[in-house]
Each structure stands twice: as C-alpha cells, then as structure tokens.
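This report concerns only the one structure given below.
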Amino acid sequence: MSDTARRAAVDPAEVPWLLAEEGKEQSGDAAPVTAEEGTGGHPATAEAPAESGARPLRHNRDFRLLWGGAGLSLLAGRATAVAYPLTVLWATGSPGDAGLVGTALLLPQLVMQLPGGALVDRWDRRRVMVAAGLGQALVTGLVVALLLSGRTWLWALLVAAFAEGTLGVLHQLAERAAVPSVVPAEQLPAALTGNEARTRGAAIAGQPLGSGLIGLATALPYAAAAVVQLASVICLFGIRGRLQQQRAAPPARLGTEIREGLVWMWRQPFLRAVMTAVAVTNVLFQGLNLAVMTGIQDRHGTQFEVGLVLSLSGAGGLVGALTGGWWQHRLRLRTLVLGGLLAWTALMAPVAAALHTPVLLGALFAASGYVGGVFNVAGGVLLVRAAPDRMRGRANSLANLVGSGAMAAGPVAAGFLLEATGAVRSVLALSAVMALTAVCALLSPGLRKAPYPESESPA
C-alpha cells in the first residue's frame, strides 16, 4: 500500500515504486552493472569502491553525511507541513484558510517537478541542496519573525509555504540523484533501504514534533525547523566526492531538457507500465483512506482511532523499508510487481468487513503499508539503475509527478463515490479496480521487457 499514514497527511512526494531486478543471486547469474550506471560514472574511490569487498555503508563517510543531511531536512519539512495549517486554523478559525496554506505547501509537488528535475540535472547537486537548505532556513526564520510580531498574515504564510515546498522539491530531487555517486553499485539496495527507512522515520517523528511544538508556542516549530535545516547544510559541506558526473556539453534550453526527459521515459516500456499501475493504486489508496475515515465516523468512532489505524500503516511501511533488500534478492521483478498488486487486492477487500473492527482494520493497514515500504526501496533502485546520471533528476521528477497527480485526484473521486454508495460498497468497488489493475499488469507487454539493458527479461 502507498504508505497510508503519510498519505493521510498528504505527502505526495514519496510515491511507491516497483522492484528492480537485482539479478538471480540464488542461481548465480547476477546481471552486470556498469560503473556509469551503478556509481554515476565515477571510478571507484575509498568511499565508494566498486569491488565486491566494499566496506559497509556505515563506514562510507560521504553516504553517511548525505543520508544524515537529507534526513534532517526531511524532519524539518514534516514538522512545518503540520505546523502551517495548524497555525492558520488556530489563528483564523477557518478550515478553508488552513486548507489553502496546506495546498500552497503541496502545490510545488505538481508544478515544480519537471523543471526541478531538469535543473537538478544541469546544476551542481551539492550546491542545489545547500541553497535549498539555506533557503528553507531563511523562509522559516521569516515566519518566526512574523509570528513573534503578533501578526498572522494569510498571504505571507501562503507565500512562505509555497517557497518552502519548492525548495523541498529541489532538495529531494538532488539528493535522490546523488546517491549513486557515493555508493557502489552492489550497495545501492542497502543504501536505498536506509533512505526509505529514514523517510518514513522522519514522517512518523516530524508530524507529532510539529504539532507538539506549536502547542508550546506558535513560532517554535518554525524556529526548530530553521535550526535543523542549517544542521543539514553543515552535513553537506563535509561531503568530499562529487555528486554527479562532469557534463561534457553545455546544457540545452530548459524546455528542451524537460522534453528530453519525457521522451526518455516514454521509451522505457517497463517504467511506463509500472508508472501506470502506481498512478492507479495511488488513486485507490487515497480513496481507501477517505472511505475508512467515513466508515469510522459512521459508527461514531473517534479521530484518535483514525489516526491510530493510519499510523499502523506507517509503522508497517517502516518495517517493509527495512526488509526491502531481502525481497530483492529472492524474487524476480515481474513476480514482485504482480504479487504486490495481488497482495494489495487481498488486503483491500477485507477492509469492507473490518470497518467495525479496529484491531483487524489496523492489521490490514499495517500489512498494506509493509508492501508499500518494500516497493519504495525497490523503486529507488529501479530508477537509479535505469536512468543515466545526466537523466536521474528528470526521471525522479517524472515519477514523483505521476504519483502526485494521481493522489490529488483520489480524494475527489472517492468523495463522490462515498456519497453515492457508502463506505462498505466504496471499499468493495476500490478492491475490484485493484484486482483489474493486477490483471492488466499480468497482460501488459511492457512488464515483459527488461527494466534496463543489463538485466535479464523477467519470466
């Protein structure tokens, strides 16, 4: 399942992707990966050796600093994502105004992905992350000054939220594209497992952190976020290696590079099939979240119960992220794609009967979140290995854009469905569409293609 707890808080940047084929370790015929694709084209270094005897990631200084810096930035972003709407709601008493500022924070996920990916591919990625971190610290610092002055100007918070969201998109795209430059190819699954666990941990910790600090003082979560963003920038200054290949040719026009990314993605049949399936499942899970909230409300359940059920999905996703590498070494790619869709179908259908049983409902959401965690890890591996270094920013931006757009449509469509049929029938309808998605994936010719040239075609 798309990690439901974070999705309930509307976090479209993290979209579940599907598993890349690591090779057949059990049979010994692992697919070769070139240095250019596995390590960003850089020769092996002391920090990222390309030999099978590479040191553990915990001894890779550049990776630890990149991982930690991005983790701090994510934590700060999750805290302010909760603080912005709460600040407006408590100041104005208007849910509509709170929704506006929440939308301003998330709007860059839709409008900035494509240009952001192109910019990350043409600019120095370390400088992008440093500038984004400093910019986010400046924005939150200005919000602190505004709130301490006793003013809560909606227009100013809208501008601040949009600016912080835009900088967050650039930071995230640059960090994801930089990972293969500091990690040898054989350690990418482990590195991206750590990244996914970090992302989910930041989501789990950041939301209560933001709401807890704002309960002590309205400006406190923004002040804390500014300090944490500055700490993330300090981590980035300690990275010694380059975070991308040297560009041989001057960059083309921005529109040309965006178009190049779209053409490249269109020519990847496996990725196209996966992105289509992911877009559909994101719509379905947004609908499922809303259906569960409605079902709990209909039986006079509490908001705490809703939060607990969705939090269990996040916890399941964290466990799934930590075990994602284990699955990569044991199942072929096509098997995992189809098996995951079938697992989600099997877990979604019983939700209709579990709406009145909180314990069972939480267990189903935890299991679905587990599947989503595994897929997120694998999706990172798939993207960084399928895309050349010069295209990684755009590849990630396109993946995020598809997932973000789909999630934006999910609640609206589900709302009409719920009004027409009710919670139970809506869940059954969503389950039927999930089953149809699995059947279409089984018949899809795109999923019979190898995800990248070096891997063997899935069975």
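The values are calculated or read from the model by the stated rules, or taken from the named source; none is laboratory data. Predicted model only: the values in this text are computed from it and were never measured. With ideal geometry, Cβ positions are generated from the backbone for all residues, glycine too; neighbour counts draw on all protein chains shown. Please note that ligands, DNA and RNA were not included when accessible areas were found on the heavy atoms of the full protein model with its side chains. Shrake-Rupley method; radii C 1.70, N 1.55, O 1.52, S 1.80 Å.
Before moving on, here are some points about what is shown:
- Coarse-grained scattering of the range 120-162 at q = 0.31 Å⁻¹, given as base-10 log I(q)/I(0) from a Debye sum over alpha-carbon atoms: -1.02
- Ellipsoid semi-axes in whole angstrom, largest first, where each is sqrt(5λ) of the Cα gyration tensor of the range 191-301: 35, 29, 14
- Along principal axes, Cα extents of the range 166-207, largest first, whole Å: 34, 22, 9
- Cα-based Kirkwood hydrodynamic radius, the range 44-195, one decimal, Å: 17.0
- Surface exposure of the range 297-384, expressed per residue as accessible area with a 1.4 Å probe, stands at 40 Å².
- Mean Cβ count within 10 Å, highest first, over the residues of peptides 76-87, 337-348: 76-87, 337-348
- Normalised convex hull volume, the range 144-216, alpha-carbon set, Å³ per residue: 105
- Principal axes of the range 294-370: Cα extent on each, largest first, Å: 45, 22, 15
- Per atom type, the range 132-265 shows carbon and sulfur on 70% of its accessible surface, probed at 1.4 Å.
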